[in-house]
Amino acid sequence: MALKEVLENFIKITKIPHCSGNTKELREFLENYAKNLGYEVLSDKAGNLLARKNFPKICFQSHLDMVCVGDAPKIEVMEENGYLKAKNSSLGADNGIGIAIMIYLMKKYDDLEFLFTNDEEIGLIGAKNLELNIKSKYLLNLDSEDDDVILIGCAGGVDVKIKYPLKKEKINGSYGKVSVENLPGGHSGVDIDKNIPNAIVELLFKVDNLAFIKGGERRNSIPVNAMALEVFEGSEEIQIYDNEYLKFLRKLPYGVLEYNFEFKLPSKSVNFALIEEENIVLSARANTNEKLEEIKEYIKIKTLGCEVDFEDEYPAWAPEKSDLALKLQEITRNNLEVIHAGLECGILKEKFPNVSMASYGPNIKNPHSVREKVEIKSIQKIIKNIEKLLQSVTKE
């Protein structure tokens, strides 16, 4: 019964557009839903929502926005081999399943608190600008993607905008379009070590005599497509980029830069996310704030002579075996692990240092891509364990 209700909630959510930067309709839906159940609902200038009733002991938290790829926000949900997926688009299980679970809990229980943060996928904007204070002793983030682990730490990150001092020269030739298309794509953090080809990088090592280049879709996803205009033999006078630019692009860092063998995940990485002519965007991640500074200094060295701006930086969440994580571990027998991706817990822990936090969620495969899917039986497992956690917390 619980699973059925959560899945119905999720389908409703997929019908409400909520791409990053466009979450107004979903916020209004959740605000009305909570008020109709007698919850106090608060909001702030960043578009965050907080719903609570009575004397909450635990706060559940998810983000409102999704990465829209393919036909999204038009989402047609399908079931296949025990998974929900979408036809020709991202699914939005990241973080729509978390929201669906939260509104199920909102309806069934009292003495709870629910924090919906805005625009997580484009720089954790809502969490950074949060002006709402929770009352709970515990906070459970539902933005995890592996039901066999409990997350107790995450990477920090920063977007790097680079403008190269582009020079052009003239040669005789003719244009030809060269493209790399429809690669698998994936999350620029959790998938960076999975040998997923990067369309921009693949293209750079296949071309010479460039007259134009453009590639990538979003800052937080591994590029699926890239295209260039290359100049071949011919008689037409054409402007091309000087050869130094292609050399520069080929030497930019990308992929895993450092690996943590204790936690079995990257500790430093860079995704070559976007390019259009002389404008480049890299997304860097590191599992400590100190290592993130190391990447920034390294990129500065590799980009000498360029205009470089670091944007939308967010902190790492230092690993902590919190009381909440240990309670959940006792129920699930899961390992406590760290993830090479950004979770809002890093920011929320700075805002609420005395709140005990953990992150937990169902199996989601290939987020931020048209291959995104979520396992149905895993959703049921998460609901069951969360309800056991509630029994433990409310006894205190």
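General observations
- The residues in the stretch 234-276 that are within 16 Å of Arg219 (Cα to Cα) and among the acidic types (Asp, Glu) can be counted, and the count is 1.
- If the condition is being in a strand (DSSP E or B) and surrounded by fewer than 24 Cβ atoms within 10 Å (Cβ to Cβ), then the stretch 139-152 contributes only Val149.
- All positions within the stretch 72-116 that are over 18 Å from Pro184 (Cβ atoms) and hydroxyl-bearing (Ser, Thr, Tyr): Tyr104, Tyr109
- Strands (runs of 3 or more DSSP E) contained in the stretch 157-268 and holding at least 1 residues surrounded by fewer than 18 Cβ atoms within 10 Å (Cβ to Cβ) and at pLDDT below 95: 168-180, 226-241, 255-260
- In the set (1) in a strand (DSSP E or B); (2) closer than 30 Å to Thr394 by Cα, Pro319 fails one condition alone, (1).
- Options Leu42, Leu84, Leu49, Leu30; residue that is surrounded by 22 or more Cβ atoms within 10 Å (Cβ to Cβ), farther than 23 Å from Leu3 by Cα and of a type outside the set (Val, Ile, Thr): Leu49
- The stretch 319-364, subset at pLDDT below 95 and small (Gly, Ala, Ser), residue nearest to Glu131 (Cα to Cα): Gly346
- Breaking point among (1) surrounded by 24 or more Cβ atoms within 10 Å (Cβ to Cβ); (2) at pLDDT 95 or above; (3) not basic (Lys, Arg), for Asn287: (2)
- Test result for Gly70, at pLDDT 95 or above and in the same structural domain as Asp146 (by TED's automatic domain parsing): no
- Residue within the stretch 274-281 that is modelled with pLDDT of 95 or more, assigned by TED's automatic domain parsing to the domain that holds Pro253, touching a Gly at 6+ places or on another chain (Cβ under 8 Å) and assigned to a helix (DSSP H, G or I) present: no
- Considering the conditions (1) under 18 Å from the mean Cα position of the chain (by Cα); (2) surrounded by 20 or more Cβ atoms within 10 Å (Cβ to Cβ); (3) over 30 Å from Pro253 (Cα atoms), Tyr104 is excluded by exactly one of them, (1).
- A single entry from Leu115, Leu132 fulfils the requirement of being outside the structural domain of Leu204 (by TED's automatic domain parsing), among the hydrophobic types (A, V, I, L, M, F, W, C), outside any strand (DSSP E or B) and over 27 Å from Glu290 (Cα atoms): Leu132.
- Count of the stretch 115-130 residues which are within 28 Å of Leu328 (Cα to Cα) and either without any contact (Cβ under 8 Å) to a residue 60 or more places away in the chain or surrounded by fewer than 22 Cβ atoms within 10 Å (Cβ to Cβ) (or both): 1
- Strands (runs of 3 or more DSSP E) enclosed by the stretch 1-95 - at least 2 residues per element that are among the charged types (D, E, K, R): 77-80
- Among all residues of the stretch 377-387, there is none that is buried (at least 17 other Cβ atoms within 10 Å of the Cβ), touching a residue at least 40 places away in the same chain (Cβ under 8 Å), under 23 Å from the mean Cα position of the chain (by Cα) and part of a strand (DSSP E or B).
The values are calculated or read from the model by the stated rules, or taken from the named source; none is laboratory data. Computed from a predicted model, the values in this text were never measured in an experiment. Reconstructed Cβ throughout: ideal geometry from the backbone, glycine too, with neighbour counts over all protein chains shown.
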